[in-house]
Each structure stands twice: as structure tokens, then as C-alpha cells.
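The values are calculated or read from the model by the stated rules, or taken from the named source; none is laboratory data. The structure displayed is predicted, hence computed values, not measured ones. Cβ placement follows ideal geometry from the backbone for every residue including glycine, while neighbour counts extend to all protein chains displayed. We work out accessible area using only protein heavy atoms, side chains counted, and drop any ligands, DNA or RNA first. Shrake-Rupley method; radii C 1.70, N 1.55, O 1.52, S 1.80 Å.
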Amino acid sequence: MKIEAHIINAFVDGNLGGNPAGVVLNADDLSNSQKLEIAATIGLSETAFVSSSKVADFKLDFFTPTKQIAHCGHATIATFVYLRELGLITKSRTSKETIDGNREIYFDGDMAFMEQLAPSYKEIDHCIDDICSSLKISIKDLLNNHNPFIVDTGNSFLIVPLKDETTVLGVHAYLDEIQRISEEFDLIGYYIFSQKTRVPGRDAATRMFAPRYGINEESATGMAAGPLACYLRDKMGIDKDAFLIEQGHLMEPPSPSVIKVHLKFEDGKISRLIAGGKAKVMESMII
């Protein structure tokens, strides 16, 4: 069997960088074990498999090289920008079916946005020493008066606020420890940030580590940018409804990315959000 996979960079910053995702169309006849094998062969952090749906416009299944996950931000954006380029989507709103239910997808010009849920928060103050040790930092390296939180808008991430860009750049990720903590709290991974950005006017510069899912570090994570925007609003008191999140600038090698998050409110509380950006088709491959 020969399968065509498309490599598409999502959340590109300008026309550069972004996070590459695999996209496989017409995946109706593939089993989950075949999808996992294909994702491992492609070797990117996530691959999206697109098939028909009876309850949404498209069904998307997401696989890392090691397991299936419920949602993936950059693979979603990559997929829907590509489907629109192919002429398979002509309207400004569509939807995806996932193993975690349906989500709305929106287009604004050349940008695609995916829906995420209202945030839930969990404090883990008793583990702060272990969290700091897993990044080879001290408690003094955390942002003053702000502790790490688990934030879930569809996937759970540990949001870790650091005092400055130098600290974010200088962390040493002990992947075994990050994986242990991620398994203990059922996390996708860590999302660390500071408020110092490379491009003025943006809200945070980030790095993401998810060894539990075979991802040492990646350059753009839409499902983590959503939780971070909620944290900035609810836990840091930044009174905005739209945030620009940088990622990939501080990894090696750099792959600059930017994710835009819009928060939606009911009765003064975040009721849902959309996160999105641009994407660029890079290449195709036969497996």
C-alpha cells in the first residue's frame, strides 16, 4: 500500500518557520495501527488523518510517533488551510469530528482558527520543587507571585511562568522527569513562557516539551497557546480578549511561529476560545 502524506508548516511567522505536521487525506480505510505506523514513519510530532464524517464536515484523527491524541493544534490548522487551498472548503466556517467530540473551525482571510473549550485549572503547589528540578531552574526563576498551573481547554498542559527570556532560553529539560510528572497528572506536556518577546507587541514567548508523546520540543502548539492565553487573563490579570503567542524562536534550531488566540466570554468568564494562524505547504512524500 502506498500512502501520500503532505508536510505542512502551521503557525508560520510571516512566511518563515512554523511547526511541520503530516497530513494524510482519504484515510477512511486505514486502521489505527496503520495510522500509528505511518505517523512514526513520517517522524513529525503529529500527523492528521482526514476521513469522512457523519456528524461533522470532516473527521480528523491525530497521531504522534508513539500514540493517538485527542487534539492537535498545528496539525488542525495545517489540515484546514490545505483543504481550503484544494477547494474542498469554500465557506468561512466548517467543523471537525475527533475522538473527543466535534469542534468548530473558522477562517479569517488566510488564517484558520480552531475552537477550544472553556479552561479548567488545577494548582499543584506541592510539586513546584520537582517541576523546577525537571527544568534545572530554581523557584527564584519563576515569575514573581505566579505559580505553575495545569490548564485544560481540551488537552492538559502545565503552564510554567518564568521571570525572563534568559531563563526560558537556558532551561535544561530533563525529559525523563518531565515525562514522569506528565504521566502523574495526565498532561500532554510543559508550556513554559516569559513575557519578553522577540517581536514587540506580542504577549508571551514560549517553549513546549512533551516527551510522554514522543515530542522532545516543538515549535508551535496551538492546544497549549489556548491554555496560556487563559492563564494570562485569569491568573495574571491581563485584561485582553486577544493574545499573540510566540513559539519556536528560542529552540535550537529556531523555527519562528506565532499563534493568535481569541477568548470568548459569558457572564464575565471565558466560555470558549479559538486559536489559529497561517500555514504553508512544504512538500509531499510517498510512504
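Below is a table of values for the structure above.
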read-out	value
Breaking point among (1) hydrophobic (A, V, I, L, M, F, W, C); (2) without any contact (Cβ under 8 Å) to a residue 40 or more places away in the chain; (3) assigned to a loop (DSSP other than H, G, I, E, B), for residue 160	(3)
Residue check, residue 232 outside any strand (DSSP E or B), in contact with a strand residue (DSSP E or B) (Cβ under 9 Å, 6 or more places away or on another chain) and closer than 21 Å to residue 277 by Cα	yes
Count - residues of the range 125-151 that are in contact with a Leu (Cβ under 8 Å, 6 or more places away or on another chain) and either under 16 Å from residue 195 (Cβ atoms) or touching a residue at least 24 places away in the same chain (Cβ under 8 Å) (or both)	9
Among the residues listed as 19, 9, 15, the single one being touching a residue at least 40 places away in the same chain (Cβ under 8 Å), open to solvent by 10 Å² or more (accessible area, probe 1.4 Å) and under 14 Å from the mean Cα position of the chain (by Cα)	9
Lone unmet requirement of (1) closer than 15 Å to residue 99 by Cβ; (2) touching a Phe, Trp or Tyr at 6+ places or on another chain (Cβ under 7 Å); (3) surrounded by fewer than 19 Cβ atoms within 10 Å (Cβ to Cβ); (4) not hydrophobic (A, V, I, L, M, F, W, C) for residue 66	(1)
Residue count, the range 149-186 (criterion: at pLDDT 95 or above and more than 12 Å from residue 210 (Cα to Cα))	21
Checklist (1) more than 20 Å from residue 282 (Cβ to Cβ); (2) modelled with pLDDT under 95; (3) hydroxyl-bearing (Ser, Thr, Tyr) applied to residue 31, failing item	(2)
All positions within the range 159-174 that are touching a helix residue (DSSP H, G or I) at 6+ places or on another chain (Cβ under 7 Å) and buried (at least 18 other Cβ atoms within 10 Å of the Cβ)	159, 160, 162, 167
Subset tally (residues that are within 21 Å of residue 10 (Cβ to Cβ), open to solvent by less than 30 Å² (accessible area, probe 1.4 Å) and more than 19 Å from the chain's Cα centre (by Cα)) for the range 29-52	3
Residue match in the range 243-261 (condition: closer than 26 Å to residue 103 by Cα and over 17 Å from the mean Cα position of the chain (by Cα))	no
Criterion violated by residue 112 - all others in (1) free of Cβ contacts under 8 Å to residues at least 24 places away in the same chain; (2) under 17 Å from residue 25 (Cβ atoms) satisfied	(1)
Within the range 272-287, tally of residues that are open to solvent by less than 40 Å² (accessible area, probe 1.4 Å) and closer than 17 Å to residue 103 by Cα	5
Strands (runs of 3 or more DSSP E) enclosed by the range 73-130 - at least 3 residues per element that are surrounded by fewer than 19 Cβ atoms within 10 Å (Cβ to Cβ)	101-108, 120-123
Test: residue in the range 176-190 that is acidic (Asp, Glu), open to solvent by 10 Å² or more (accessible area, probe 1.4 Å) and closer than 23 Å to residue 12 by Cα	no
Residue tally, condition outside any loop (DSSP other than H, G, I, E, B) and open to solvent by 10 Å² or more (accessible area, probe 1.4 Å), over the range 235-259	3
Residues satisfying the stated conditions in the range 1-46, i.e. part of a strand (DSSP E or B) and acidic (Asp, Glu)	4, 13
In the range 190-224, the residues that are assigned to a loop (DSSP other than H, G, I, E, B) and closer than 26 Å to residue 64 by Cα	214, 219, 220, 221
